[in-house]
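Read the figures in this text as sums done on the coordinates, not as results from a lab. The structure presented is a predicted model; accordingly, all values stated were derived computationally and were not measured. All Cβ positions, glycine included, derive from the backbone under ideal geometry; neighbour counts span all protein chains shown.
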Amino acid sequence: MDSEYRIILNVGGVRHETYKHTLKKIPATRLSRLTTNLANYDPVLNEYFFDRHPGVFAQILNYYRTGKLHYPLDVCGPLFEEELKYWGLDSNECEPCCWMTLSGTRDTQDVLKTLDELDIEVDQTEGPELYKRFGWEDDYHNDSLSAWQKLKPRIWRLFDEPSSSRSAQFIAAVSVFFLITAIIVFCLKTHPGLRIPELAPFGNFSRNHRSTSSRIHPAQINIDKSNSRPHPTFMYIETICNIWFTIEILARFASCPSRFEYLRAPVNIIDIVATLTFYIDLLSSMFGATADLEFFSIIRIMRLFKLTHHNSGLKILMHTFRASAKELMLLVFFLVLGVVVFASLVYYAERVESNEDNQFVSIPIGLWWAIVTMTTIGYGDITPHTYLGRLIGSICALAGVLTIALPVPVIVSNFAMFYSHTQARSKMPKKRRGVLSMDQVAQHVKHAPVRNSNGPTQRKNMEHTPLVANNHSPPHTLI
């Protein structure tokens with residue numbers, strides 16, 4: 001009588017035996033709907049066959065028995081979730097002892113997805129995959145590509161993917177050289193020893209005054225050192241650099257797969273605006289308006305962000321700050337809270353006792369002192385002089401150290417996680433063997449050649465041939 005209530009499940013070649021009412025404990029799942037009319041049922045062996053992972057199924061069957069789902073450590077997280085989805089279970093039902101491991105695998109998947117979006121690795125795709133990015137896949141298969149359609153992807157990879165070829169590496173080196181040169185020139189032209197002072201005449205030098213004078217006086221020229229201009233050599237060097245930047249912008253804009261995506265990238269926006277400010281500065285210098293527009297040239301220093309295009313480590317660092325936005329906002333919140341509290345306390349602490357050298361005349365001045373103290377800089381321009389004020393200053397310094405030190409390990413761990421995954425992905429093979437899906441396998445079987453008994457090879461019409469042999473049993477339904 002007991003054998004009538006037992007059921008045999010063959011999963012991946014491993015036979016499992018349990019009671020039928022055990023599978024009914026979790027309704028609306030695949031195992032709770034097993035019947036003998038299913039194609040998975042073998043009436044000869046009296047068992048159900050599933051071509052799934054047997055190790056994961058052992059934990060799933062244990063979940064039906066005990067009501068507790070545990071994560072097996074010998075399988076990958078996505079595989080475990082995929083198996084649970086097949087059996088109609090939810091991965092969120094995992095036990096707390098295994099939840100940290102499962103959430104860690106999910107974090108890994110998020111990191112890998114993020115690295116794909118960052119486009120750190122060089123896309124080595126050729127042929128249809130390359131032209132698919134430009135929307136010319138059909139033209140490639142039809143062999144109807146024009147000369148520009150063949151040249152555009154090459155130009156794009158030449159300027160946008162530095163590691164795609166040696167020519168691209170050379171262009172990247174030239175771009176970095178001009179970028180560093182432009183930044184150095186931008187900084188050096190502000191040095192007083194490399195600027196030319198303005199020469200201004202002093203006195204009246206009219207022709208009538210000189211004709212009526214009995215003696216010839218030497219001309220007096222006043223040198224205004226407060227108003228100076230950069231050496232002309234810097235302008236020549238900047239012109240050469242910006243000519244290269246202009247060529248690079250035009251080449252990348254003309255050959256990019258999507259101009260909207262190109263103009264939306266922050267690095268490209270900075271590059272275009274910085275180049276435009278140079279030409280505006282060049283035109284304004286011809287009309288003598290450099291003093292009014294010289295301040296806007298500071299945006300050229302933002303060109304340093306272009307180095308992220310040539311260095312994957314800088315990309316990871318920028319994304320680390322983006323991924324750690326919650327921790328950074330928490331740090332700013334606690335800093336602002338501490339600054340306001342300690343600025344108010346030190347303001348009133350310095351007024352409690354008699355203090356002739358009181359430098360905290362207002363709370364806004366105390367805010368500056370609190371920021372400098374909590375960030376452990378300590379300029380010393382403003383200091384408390386009373387005992388109570390010094391006690392508050394000591395507490396402020398200790399609170400600042402703890403406030404800054406707590407979120408830093410999270411940011412460091414995020415950077416280490418992104419960097420380690422990037423290094424691991426760089427060592428992976430670029431090309432892998434493709435695996436056919438079940439639909440592709442069925443299509444391949446349908447059109448496969450079949451050898452006739454007479455000898456010649458004929459293509460048999462297998463359109464109505466079932467994948468499972470007919471054993472004169474009732475119609476099956478595959479689940």
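In table form, for the structure just shown:
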item: Residues with amide H under 5 Å from that of THR375, placed H, sequence gap 5 or more; result: none
item: Sites PHE333 and ALA28, calculated FRET efficiency, Cβ-Cβ separation with R0 51 Å, nearest 0.05; result: 0.70
item: Centre separation in Å (Cα based) which lies between region 169-189 and region 42-77; result: 61
item: Label-to-label distance, nm, for residues given as ARG6 and VAL412 (7 Å Cα→Cβ offset); result: 5.8
item: Full-extension gain in nm, ILE280 to MET318, via 0.36 nm per residue minus C-alpha separation; result: 10.7 nm
item: Per-pair calculated FRET efficiency, R0 = 41 Å: ASN92 and CYS187 via Cβ, rounded to 0.05; result: 0.15
item: Separation in nanometres of the label points that stand 7 Å from Cα toward Cβ, at ASP74 and THR18; result: 1.9
item: Positive dipole terminus of region 314-423, leading residue within TYR348, ALA370, GLN359 (C-beta point charges); result: ALA370
item: Separation of alpha-carbon centers, region 6-23 and region 228-281, rounded to whole Å; result: 69
item: In nm, spacing of pseudo-spin labels at SER362 and TRP99 (7 Å Cα→C-beta vector); result: 5.1
